[in-house]
1. Are any residues in segment 269-293 under 21 Å from residue 233 (Cβ atoms) and part of a helix (DSSP H, G or I), and if so, which ones?
2. So which of 235, 229, 242, 296 is in a helix (DSSP H, G or I) and in contact with a helix residue (DSSP H, G or I) (Cβ under 6 Å, 6 or more places away or on another chain)?
3. Could you check how many residues of segment 213-226 are part of a helix (DSSP H, G or I) and either on the phi > 0 side of the Ramachandran plot or loosely packed, with under 12 Cβ neighbours inside 10 Å (or both)?
4. For the list (1) modelled with pLDDT under 95; (2) closer than 23 Å to residue 311 by Cβ, I need the number of the one condition that residue 225 fails.
5. For the structure I just gave you, tell me whether residue 264 is part of a loop (DSSP other than H, G, I, E, B), touching a helix residue (DSSP H, G or I) at 6+ places or on another chain (Cβ under 8 Å) and on the phi < 0 side of the Ramachandran plot.
6. Could you please let me know if residue 314 is assigned to a helix (DSSP H, G or I) and closer than 18 Å to residue 189 by Cα?
């Protein structure tokens, strides 16, 4: 398209209309801005710049330019571009979905590790309960139990307190495997002192409790992670009760005290299981970082094993 075919600009039509109305009078200034397509010449003042030799002040024009800059030039307008706003919304939504995907992958990883730990522990307990020579060996050699307890305690402190080994592959998996082996041996040793029916009953009740607590935590609006002080107090209650029970039972066996301690421990660790389950979810007051999948699996594993041991004391009778 040639330039002659283009429609006249606003300035051209305005000048043409003015010349028809006023004859040879000079055209008025173009509101302080050069016409479209006119390039500024050297020495030409910019908008708002006073010209030399022209007086400015009250009653004098300021070289044809407005004395106040329009508001839309001094403050940005809200963006009304629909496609751009939709892009921002899509970007925000994709970020939300990315974080959800990361959290779901983290939860799957935690429960896969937890399932492997529980399968290994149940297998060790089954061997210690059903194989008579193994059962006799662990009963006659309590020193192996205390050695496994020391390994359990040290690896637990390293995994919980030391962030480096907990997140550094493959040290985290090695430490977790050693911890699982030590705790499985301890659990199997304790189970070997109880009847087979009592072990099965405690195992079934533990599985039912874990399933109910997990479903409840994923459905309820109650935030257990906001009650950190309460759980600290409950932990202290279990610790003090356990110390008192150990001291008293070392001198004389008191059945009701033993059952009371086992009941308190089972209830408290069930609440701890709910607390640690909600820490994995990511939509509560306190959450676990997706990088701490080892800590998440470790917490759930300890809670479940402790629930099983306390229920075993409630349901079983110790055999000589």
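1. 269, 270, 271, 272, 273, 274, 275, 276, 277, 278, 279
2. So the residue among 235, 229, 242, 296 that is in a helix (DSSP H, G or I) and in contact with a helix residue (DSSP H, G or I) (Cβ under 6 Å, 6 or more places away or on another chain) is 296.
3. 2
4. (2)
5. no
6. Taking the combined requirement at face value, the residue satisfies it.
This table checks each residue for (1) buried (at least 21 other Cβ atoms within 10 Å of the Cβ); (2) under 30 Å from residue 169 (Cα atoms); (3) out of contact with any strand residue (DSSP E or B) (no Cβ under 7 Å at 6 or more places or on another chain).
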position: 237; (1), (2), (3): no, no, yes
position: 246; (1), (2), (3): no, no, yes
position: 258; (1), (2), (3): no, no, yes
position: 262; (1), (2), (3): no, no, yes
position: 267; (1), (2), (3): no, no, yes
position: 283; (1), (2), (3): no, yes, yes
position: 296; (1), (2), (3): yes, yes, yes
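Per-residue answers, yes or no, for (1) over 25 Å from residue 206 (Cα atoms); (2) without any contact (Cβ under 8 Å) to a residue 40 or more places away in the chain:
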| residue | (1), (2) |
| --- | --- |
| 116 | no, yes |
| 120 | no, no |
| 126 | no, yes |
| 130 | no, no |
| 133 | yes, yes |
| 138 | no, no |
| 144 | yes, no |
| 149 | no, yes |
| 153 | no, yes |
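The values are calculated or read from the model by the stated rules, or taken from the named source; none is laboratory data. Just so you know, these numbers come straight off a predicted model, no measurement behind them. Glycine gets a Cβ as well: all are built from the backbone with ideal geometry, and neighbour counts include every protein chain shown.
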